[in-house]
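One structure is given below, encoded as structure tokens.
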Amino acid sequence: MQLPPALCARLAAGPGVAEPLPVERDPAAGAAPFRFVARPVRFPREHEFFEDGDVQRHLYLQDVLMQVADAPEKPRVPAFACQVAGCCQVFDALDDYEHHYHTLHGNVCSFCKRAFPSGHLLDAHILEWHDSLFQILSERQDMYQCLVEGCTEKFKTSRDRKDHLVRIHLYPVDFRFDKPKKNRSPASAEVPGDSGERSEGEAMEICSEPVAASPAPAGERRTYSHRSVSKLFLKHVLNVCSVLRILGCTLGRCASHTEFRKVTLGKKIGFRFCRRRKSRCFRSCE
Amino acid sequence: MWSRRRGHLRPTVCGVEELRRRRREQEAALRKARREQQLVSKRLLREDAPEEAGEGCVAAILGEAEVQQFLRQAQRGTEEKEREGALVSLRRGLQHPETQQTFIQLEGSMRTLVGLLTSNQALLQLEAARCLHELSHSEQSTIAEACLPATSYLLTYLSGHSSDFIELCLYTLGNLIVESEAVRRQLLPQGIVPALAACIQSPHVAVLEALGYALSQLLQAKEAPEKIIPSILASTLPQHMLQMLQPGPKLNPGVAVEFAWCLHYIICSQVSNPLLIGHGALSTLGLLLLDLAGAVQRTEDAGLELLACPVLRCLSNLLTEAAVETVGGQMQLRDERVVAALFILLQFFFQKQPSLLPEGLWLLNNLTANSPSFCTSLLSLDLIEPLLQLLPVSNVVSVMVLTVLCNVAEKGPAYCQRLWPGPLLPTLLHTLAFSDTEVVGQSLELLHLLFLYQPEAVQVFLQQSGLQALERHQEEAQLQDRVYALRQTALQG
């Protein structure tokens with residue numbers, strides 16, 4: 001098949017539309033017994049017209065077509081240790097290290113050191129386990145967000161959410177990234193491995209190294225006597241802001257006081273100093 | 001991309017003849033499967049260490065006791081290397097269908113594997129995922145269904161960060177999806193579409209290719225037009241898919257192939273093509289076609305037909321949408337270079353892959369049918385003669401070539417004048433000698449148009465024994481009327 005030499009030049013030149021020659025149809029053109037009509041044709045999915053191309057596609061998928069390349073050797077490097085404090089894993093290949101890092105240190109909760117497979121699950125965990133304002137607000141409204149990305153349902157309790165995950169999203173009943181928060185006294189703070197739902201494997205969010213008693217007890221009862229107020233304040237500012245984010249406002253995590261004030265005034269969330277408990281607690285003002 | 005495919009080690013000891021034979025068998029099996037509408041193919045990522053290559057070191061089938069032992073070792077072993085080694089042995093055994101059966105029949109085995117998949121030991125996790133991947137490659141839907149407990153985790157890990165791991169999860173999901181409707185019925189409520197929509201923003205080429213593969217498997221499902229494609233069209237996936245197809249330095253052929261096929265499955269299901277046109281599908285695909293032609297010219301054409309085929313199909317089907325005309329009041333695809341590019345591809349197919357010629361000609365038909373502009377391009381770029389050179393390829397190709405010529409001729413005298421004099425009439429006299437009814441029928445239609453708009457052709461026709469060529473078919477039921485009419489015209493003219 002010989003193409004005219006000017007064709008390549010035409011392709012290289014800029015876009016253009018050919019000025020059409022005048023169209024002038026004679027009605028006799030479509031008169032019987034002739035039946036030609038110019039029309040674009042459409043083929044549906046399973047049409048046999050597609051057979052040849054489909055077969056080629058599948059040959060490719062089954063790798064019969066392409067030359068089989070040798071698996072590239074994993075580049076080896078001199079053994080090195082993971083730099084994260086407390087982790088003593090050693091590696092001799094960067095791929096392995098990358099996977100280790102992302103699995104174990106990538107999305108780690110700074111409060112309790114649990115690791116999560118994604119930022120999304122980590123965010124949910126921090127809110128639900130470490131945010132006191134979340135607990136308070138959840139008594140009044142549905143705060144437990146469905147874990148499936150794209151689903152905007154919210155629930156009153158973690159139990160309700162689990163039911164939803166199982167019934168609607170067909171998740172397993174023992175989904176490992178939805179452990180309900182256990183109400184523990186600080187004395188028996190989270191000990192690695194003591195999840196109560198232990199099964200053959202190890203749950204993702206339990207870290208491998210022994211962890212010192214958690215500095216942020218997650219139970220409902222907080223005793224602030226050991227804390228400096230300013231640190232607490234900052235933590236609560238962050239909590240409020242992240243909760244407000246959940247509530248739909250567009251503030252990111254903010255740490256500045258002025259931002260906080262704007263937010264509180266805007267959303268009618270203020271704080272009262274509770275003399276009885278000698279602490280600050282946050283209540284939404286109605 | 002084309003040489004990057006990881007670890008699909010087949011023994012390279014067989015000769016070229018053996019490879020060809022295998023390929024022919026494979027092709028025959030695929031054709032049969034397609035006719036029965038059961039075309040299923042899977043991807044297998046298998047990274048065997050170099051010392052395992054070769055027939056002699058194929059892993060043995062594992063018995064129940066061995067599977068149990070490996071699982072126990074992996075789960076409760078003390079040394080990390082020991083646990084990993086146990087899983088590696090299990091994975092090798094799982095290359096065999098018999099071991100796969102043994103595994104799924106063993107009580108608690110999947111539960112243990114899922115536990116290891118979700119463990120905090122990265123290498124154990126990876127090996128467990130590889131075991132799952134081997135299982136996903138099985139051709140038995142019972143084995144795919146046995147992997148159901150793992151799917152929520154595979155989806156969860158898609159929003160992680162380890163690109164190798166995500167790639168493995170995606171290929172595993174893709175294999176499971178295509179094997180069993182039960183798997184798809186679970187994956188959709190589990191949120192596979194939003195998970196893919198989030199994952200498609202990954203910068204890693206390998207992840208994107210794997211995602212395209214998984215998505216293409218999802219879209220091939222029988223229930224896709226009703227149950228899957230609407231939610232995909234409602235997500236951000238179409239925009240991202242089109243982005244992957246934009247020509248330029250960032251275009252990766254392997255990724256583009258997968259997403260082009262995804263688009264084809266969506267478009268030929270006719271669910272909501274105007275939406276895609278609204279996203280600029282026509283102009284993106286048109287530009288990609290130009291890019292492909294450029295690649296042919298630079299002879300960077302390895303595997304190019306794998307991408308060209310779905311692009312041609314998408315363009316052709318999209319051109320049948322009414323929206324093509326209404327968007328902006330004019331056809332979105334008007335650039336004459338598209339015709340030039342198409343012919344460069346047709347020549348490429350002619351030399352390398354003749355079975356794709358009908359698909360290219362299909363696009364040419366859809367471009368020219370309602371477009372005086374494109375018909376004029378065919379004439380002004382001197383493409384009639386190259387078109388005629390395709391006639392001998394096959395009857396299907398002949399019919400399509402003649403149809404395109406009819407598209408040009410039916411536009412009136414100004415067009416037929418440019419078809420005359422020239423090789424057209426001798427060619428028609430030649431095709432009239434074919435035995436295929438459809439080819440002859442289309443030739444008669446073209447002759448009719450030529451006689452109508454270019455009466456001088458009649459004389460030459462008669463001089464070159466046209467009547468005899470016609471009369472050969474006067475007994476044929478489908479052709480009689482037209483033969484008679486043409487005969488009358490010729491004798492009166």
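Quick note: the coordinates plus some simple rules give every number you see, no bench work behind them. Not measured: the values here are computed from a predicted model. Heads up, the Cβs are rebuilt from the backbone with ideal geometry, glycines too, and the neighbour counts pull from every protein chain shown.
Among the trypsin sites (Lys or Arg not before Pro) in region A:9-45, those located in a DSSP loop and surrounded by at most 15 other Cβ atoms within 10 Å of their own Cβ are A:R25, A:R35. Computed from the Cβ-Cβ distance with R0 of 45 Å, the FRET efficiency linking B:Q488 to B:S380 stands at 0.85.
Amide H contacts of A:N107: A:F116, each under 5 Å away and 5 or more positions distant or on a separate chain (H built 1.01 Å from N in the peptide plane; Pro and chain starts excluded).
Which entries in the list B:K42/B:K222; A:K179/B:K227; B:K222/B:K352; A:K154/B:K227; A:K156/A:K179; A:K179/B:K42 go over 27 Å, if you measure between the two C-alpha atoms of each?
Among B:K42/B:K222; A:K179/B:K227; B:K222/B:K352; A:K154/B:K227; A:K156/A:K179; A:K179/B:K42, the Cα-Cα distance tops 27 Å for A:K179/B:K227; B:K222/B:K352; A:K179/B:K42.
The separation of region B:405-431 from region B:205-237, counted between C-alpha centres, amounts to 44 Å. Report, to the nearest 10°, how far helix B:205-219 tilts away from the longest principal axis of the Cα atoms in chain B, using its own Cα long axis and a range of 0 to 90°. With rounding to tens, the tilt is 70 degrees. Counting 0.36 nm for each residue step from B:S283 to B:E36 and taking away their Cα separation leaves a gain of 85.4 nm.
Enter the angle in degrees (range 0 to 90, nearest 10) between the Cα long axis of helix B:304-318 and the first principal axis of the Cα atoms of chain B, meaning the one along which they spread out most. Once rounded, the angle reads 60 degrees.
Think of chain B as having a plus end and a minus end, set by charges on the Cβ of Lys, Arg, Asp and Glu; of B:Q351, B:G248, B:P386, B:G248 sits farthest toward the positive end of this dipole. Helix B:122-136 and the longest principal axis of the Cα set of chain B meet at an angle near 50°.
Based on Cα contacts under 8 Å between residues 6+ apart, chain B shows a relative contact order of 8 percent. Taking 7 Å steps out from each Cα toward its Cβ at B:K227 and B:S141 produces label points 1.0 nm apart.
Suppose R0 equals 30 Å; then what is the FRET efficiency for B:V205 and B:A234 from their Cβ-Cβ distance, rounded to the nearest 0.05? Could the numbers behind the result be given before it?
Details: r = 27 Å, r/R0 = 0.89.
So, using R0 = 30 Å, E works out to roughly 0.65.
Take the Cα of B:Q243, go 7 Å toward its beta carbon, and the backbone nitrogen atoms of region B:161-198 under 11 Å from that spot belong to B:198. Only helical runs count toward this figure. For chain B, summing -39,500 (n - 2.57) over DSSP H runs of n ≥ 4 and dividing by all residues gives -20000 deg cm²/dmol at 222 nm.
All other residues with a Cβ under 15 Å from the Cβ of B:G412 taken together, and with Lys, Arg as +1 and Asp, Glu as -1, what is their net charge?
0
Cβ-Cβ distance of A:V108 and B:K250, R₀ of 30 Å, FRET efficiency by 1/(1 + (r/R0)^6): the value works out to about 0.35. Around B:S163, what is the net charge, scoring Lys/Arg as +1 and Asp/Glu as -1 over all other residues with Cβ under 10 Å from its Cβ? Net charge in that neighbourhood comes out at -4.
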